Amino acid sequence: MLIKICGLSTPETMEAALAAGADMIGLVLHPKSPRHVTMEQAVELAGIARGKAEIVALIVDWDGTRAAEMAGMLRPDWLQLHGSETPEAVAGLAAASGRQVMKALGIAAADDLGGIARYAGVADRILLDAKPPKDAAYPGGHGRPFDWGLLASLDPALSFMLSGGLDPANIGTAVHVTRPAGVDVSSGVESAPGVKDPARIVEFVAAARKAAASVQEGSSA
């Protein structure tokens, strides 16, 4: 199971995430987010992570030209699309940037699962996140999980990452209930909005690894 730490913004917390064993690190390129980093900061942070974890650039409703320019400077492994991108836009961004794309879909009710089929054929990976409040200034789960029981109806063959309100205390339950291919945490390992806590990062990764191992043992028993 892949573990992604998103919204890293300092060399110190980047090093902490890598030392803890994160498989993927996320850099938020969206000014409205408290986790936003400039391109200069992103390039520095990506340099620390390169070769140690996959680098994910989180963008919101960009066009292909802008994405291609960013990809050339930052050289991420993935684009994480967190806006209202259509399936056609997802395909276009993948082609323009030459990068793998992960499409985030907000989930709050069973009806929201219908969008998965539209994107599964064009995105390299699906990220199921909590739907943001209607008055939210930026996308994402805003530290609140959605009802994981909604995912019981999904095709077991669907490979997805789970996000939204995950933290060291609930990640074990989340993994056992949803059986994701990966988990993505941001605010759940922070001491304040946008301020990552190295100790919570270590705690989260350890708890996620333990849960994944337990699920695997149960499956093979």
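The values are calculated or read from the model by the stated rules, or taken from the named source; none is laboratory data. The structure displayed is predicted, hence computed values, not measured ones. Neighbour counts run over all protein chains shown; Cβ positions are idealised from the backbone, glycine included. For accessibility, only protein heavy atoms count, side chains too; no ligands or nucleic acids. Shrake-Rupley method; radii C 1.70, N 1.55, O 1.52, S 1.80 Å.
With respect to the conditions (1) modelled with pLDDT of 95 or more; (2) touching a Ser or Thr at 6+ places or on another chain (Cβ under 8 Å); (3) not aliphatic (A, V, I, L, M), F204 falls short on a single one, namely (2). Out of A68, A22, A91, one residue alone is under 16 Å from the mean Cα position of the chain (by Cα) and modelled with pLDDT of 95 or more. It is A22. Within the stretch 134-166, the set of residues being in a loop (DSSP other than H, G, I, E, B), under 19 Å from Q80 (Cα atoms), open to solvent by less than 40 Å² (accessible area, probe 1.4 Å) and modelled with pLDDT of 90 or more comprises S163, G164, G165, L166. Among the residues of the stretch 94-125, those that are outside any helix (DSSP H, G or I) and in contact with a helix residue (DSSP H, G or I) (Cβ under 6 Å, 6 or more places away or on another chain) comprise R99, V101, K103, L105, V122, A123. The listed residues are T173, T178, and the only one of them that is among the β-branched types (V, I, T) and open to solvent by 40 Å² or more (accessible area, probe 1.4 Å) turns out to be T173. Restricting A96, A89 to those that are closer than 28 Å to G47 by Cβ and open to solvent by 30 Å² or more (accessible area, probe 1.4 Å) reduces the list to A96. When L58, L79 are checked against the criterion of being part of a strand (DSSP E or B), touching a helix residue (DSSP H, G or I) at 6+ places or on another chain (Cβ under 9 Å) and buried (at least 17 other Cβ atoms within 10 Å of the Cβ), L79 stands alone in meeting it.
Summed over the stretch 181-199, residues that are in contact with a Pro (Cβ under 6 Å, 6 or more places away or on another chain) and crowded, with 16+ Cβ neighbours inside 10 Å total 1. Going through (1) modelled with pLDDT of 95 or more; (2) closer than 24 Å to P168 by Cβ; (3) open to solvent by less than 50 Å² (accessible area, probe 1.4 Å); (4) assigned to a loop (DSSP other than H, G, I, E, B) one by one, S33 falls short only on (1). If you check G72, G51, G64 for being on the phi > 0 side of the Ramachandran plot and surrounded by fewer than 18 Cβ atoms within 10 Å (Cβ to Cβ), only one passes: G51.
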